[in-house]
Amino acid sequence: MLAGCKAWPEEFAARYREAGCWQGETFGELLRKRAAAFGERVAVVCGDKHISYAELDNRVDRLAAGFLKLGIKAQERVIVQLPNIASFFDTIFALFRIGALPVFALPVHRRNEIVYLCGFSEAAAYIIPDMDSGFDYRDLAAQVQASVPSLRHVIVAGDPGQETFVSLDDLYLDDSECSSYGSDAEGPEPGDVAFLQLSGGTTGLPKLIPRTHDDYIYSLRMSAEICSLDKDSVYLAVLPVAHNFPLSSPGVLGTLYAGGRVVLARSGSPETAFPLIASEYVTIAAVVPPLALIWLEAAPTRSEDLSNLQVLQVGGAKFSAEAAKRVQMVLGCKLQQVYGMAEGLVNYTRLDDPEDITVFTQGRPMSPYDEVRLVDEDDVEVAPGEVGELLTRGPYTIRGYYKADKHNEKAFTTDGFYRTGDLASLTPSGYLVIEGRSKDQINRGGDKIAAEEVENHLLAHPSVHDAAVVAMPDEYLGERSCAFVIVHNGAVSGNELKMFLRNRGLAAYKIPDRVGFMDSFPHTGVGKVSKKQLRELAVQNQDARLNLSK
Ligand code: OOB
C-alpha cells in the first residue's frame, strides 16, 4: 500500500475477496483483455477520431514505455488535468500500466488548486492540454513549475509551446523500442492504489482519495451491470471525465469495462450534445441537475433524433422531483438518479424501478456489501424513516484519505464508516432520499465548494477581519455561494474581494456569487458562528444589517 494510505482491515479484505467483489485484476490487465475480446470495435470517439480497443491498447503500451523512458516510476504521482479528449485514456491507462498514480484534477482548477495538488502529492509530472475553452494551460503550468520546483516534467497534449515542456505525442515510442522499456516495468498489484481522486472537501485544504485497482474495478463491474451496459452501449461523456460520476458510475470506464463505446463531448450544451446523441446513436448519458434542466428546456425546440437514448442519469446534486417527472416525457428516455461520492458509495435507482422511486429517491447502494447507517449527532441510529447523517463502509469505500491521519479521525468512525456529511432518510424498501447536509460545503450545481477553503482565502485579505461562506438557494444551480465578511482596516468592495480571490488562483466556481458585509456574525449557543442564521440571512438579503450590493 502506498505510504499515507489506509488499507481495509484484513478481515474485511478477505471477505470482499471471498465474496468475489475484488477479483484480483489491474486496469492494465483489464484493457488487455478488452482488446483481445473486442479488438477492432470502437472504444473511444473523439471528434472524427474513432479509436478501437486494439488501437487503444497499443497506444497505451507505447505511451507507458515513453513514460518509463522519461523516468516516471511506479507509485509516483502525476497530476492529470485533461479535458474530454482521447489522450485522457492513453494517459491514464499508461500510468496505470506502469503503476504510476494519476491525480485527477478538473479542467476548471487553477493555480491555487494545482500548486497544492503538486506540492501535497509530491508529483513527478503534470499533464495538461495546450489550450482549452480559451484558456492556456501552459501559462498555468509555468506558474505551477515556478512554485513547485520538485515537479520534474510538464507534459502537454498538443503544442508544448516552450522548450522545457514535453510533448505527449513525442512520448509514444515505436513498437520496436517499447519492449526495452516495457520489460523491466513491474506492474502494480490489484490491491495497490491505482490513482488519487479529489474530494469535494469540507476543510481548508482539499483531501485526496486513494482508490485501488480492485475496489474501483468492482465499482465498474457493479455499475455496468446495474445500468445494463454491454458491447452495444454508447455512453456520451459531457461532464469532465476526471470526475467520479462520468469516470465510473458507470461512466467512461464502466463503458470500456463492458466493451461499449465512449463518445467524448467538449461541452454539455444541447448544441453539442444533441447532434452527438443522434449521429453516434448514444444510448446513455450522465448530467448534473442544472444541465438536465437545460436539456429539458431545449429538447422540444430541437430537431435531432434522440430516440436511441435509453437512459439519462442525473446526479452530483439533488434533482428536483418536478424536473425528474418530466424526463421520460420530454426526452423519451428513462431517468436514473445517481447519488454518489468520490470516496466510494454510489447509489442508483434501478432501470426497472417504478416512477415513484426514480422521481422521489436518489437510489439504493449498488453493492449488497455496502453498509449504510443513518445516525443522529451522538452517532445513535435514528428510527426507521427518520432523517440522519449517512455513514457508510463497503468494498469500494475508502477507509481514509491520503496523508490525512488527523482529519481521518473525524471523517471516519472508529469502526471504519465514512461520515458522508449528507442527511438522508431511508424508504421501507431501502432507497435513500437526500434531505440536506451537515457538512460545511456548498453544492453549486454539482461543483463542491468547501466553505473553509474560501474563508481562508478571504481572511488573507488585509481588510478582512472575519469571513463565513454559506449556500443560498438557487432555482437553476440548486445552490450558489454567499460570503459574509466583517471588514477592518478600511473599506473593500465585494468585487474587489472577488478579484482578490481570482488573483490568488482560485477556480472560478469557488468565487462567491455574492458578498455581504456585516459588523458581527450571529452566534450559536456555544459561541460558534451560526451558519444556519447566515443562510437565512442570505435568503432575506434585504436585512438591514446586510449590504449585498456593496
Ligand atoms: C459525486 O461525487 P462528489 O465526490 O463530487 O460529491 C459527493 C457529494 C455527496 O456527498 C452529496 O453531498 C452530493 O455530492 N451528491 C448528491 C447527489 N449526488 C452527489 N446530493 C444529492 N443528490 C444526488 N444525487 O457527486 C458523485 C460521484 C459518483 C456518482 C455520482 C455523483
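Taking amide hydrogens as placed 1.01 Å from N in the peptide plane, the amide H of residue 346 sits under 5 Å from those of 366, each at least 5 positions away in sequence or on another chain.
When the Kirkwood radius is taken over all Cα pairs of segment 159-315, what Stokes-Einstein diffusion coefficient follows at 37 °C and 0.692 mPa s, in µm²/s?
Values: Rh = 18.1 Å.
It comes out at roughly 181 µm²/s.
Candidate cross-link partners of residue 73 among the lysines, defined by an alpha-carbon separation under 26 Å and a same-chain spacing of 8 or more, comprise 6, 33, 207, 403.
Here r is the Cβ-Cβ distance between residue 329 and residue 186 and R0 is 56 Å; the resulting FRET efficiency, rounded to 0.05, is 0.55.
Using Cα positions and a limit of under 22 Å, work out the lysines in reach of residue 532, with same-chain residues fewer than 8 apart set aside. Leaving aside lysines fewer than 8 places away in the same chain, those within reach of residue 532 are 318, 410, 439, 448, 510. Distance from the C-alpha centroid of segment 242-279 to that of segment 104-121: 24 Å, rounded to the whole angstrom.
Please work out the C-alpha center-to-center distance from segment 5-31 to segment 454-501 and express it in whole Å. So the two Cα centres are separated by 44 Å. Sorting the Cα pairs of the chain by distance into bins of 20 Å, from 0 upward, gives 21, 56, 22, 1 percent per bin. Using the Cβ of residue 277 as centre and a radius below 9 Å, the other residues enclosed give a net charge of -3, where K and R count +1 and D and E count -1.
In order along segment 435-443, the phi-based Karplus estimate (6.51 cos²θ - 1.76 cosθ + 1.60, θ = phi - 60°) of 3J(HN,Hα) comes to 10, x, 8, 9, 7, 7, 9, 10, 9 Hz; Gly and Pro are listed as x. State, to one decimal in nm, how far the label point of residue 74 lies from the label point of residue 41, with both points 7 Å from Cα in the Cβ direction. For the pair residue 74/residue 41, the computed spacing is 3.1 nm.
Please identify which residues in segment 382-420 have an amide N closer than 12 Å to a label point set 7 Å out from the Cα of residue 7, following the Cα→Cβ vector. Once the point is set 7 Å along Cα→Cβ of residue 7, nothing inside segment 382-420 turns out to lie under 12 Å by backbone N. Modelled spin-label separation between residue 503 and residue 528, with each label point placed 7 Å from Cα along the Cα-to-Cβ direction: 3.4 nm.
Site pair residue 493 and residue 133 shows an inter-label distance of 2.7 nm when each label is modelled 7 Å from Cα along Cα→Cβ.
What is the antiparallel percent of DSSP beta bridges lying wholly in the chain, to the nearest 5?
55 percent
With charges set only on the Cβ (+1 for Lys and Arg, -1 for Asp and Glu), what does the dipole of the chain come to about its Cα centre, in debye to the nearest 20? Walk me through the numbers before you get to the answer.
Values: 54 positive and 73 negative charges, 176 e Å.
I would put it at about 840 debye.
Remark: 38, 484 ranked as 38, 484, counting other beta-carbon atoms within 10 Å and listing the fewest first.
All of the numbers you see were taken from the coordinates with simple rules; none came from a lab. The shown structure was predicted, so the numbers you read here are calculated from the model rather than taken from an experiment. Note: ideal-geometry Cβ built from the backbone for every residue, glycine included; neighbour counts use all protein chains shown.
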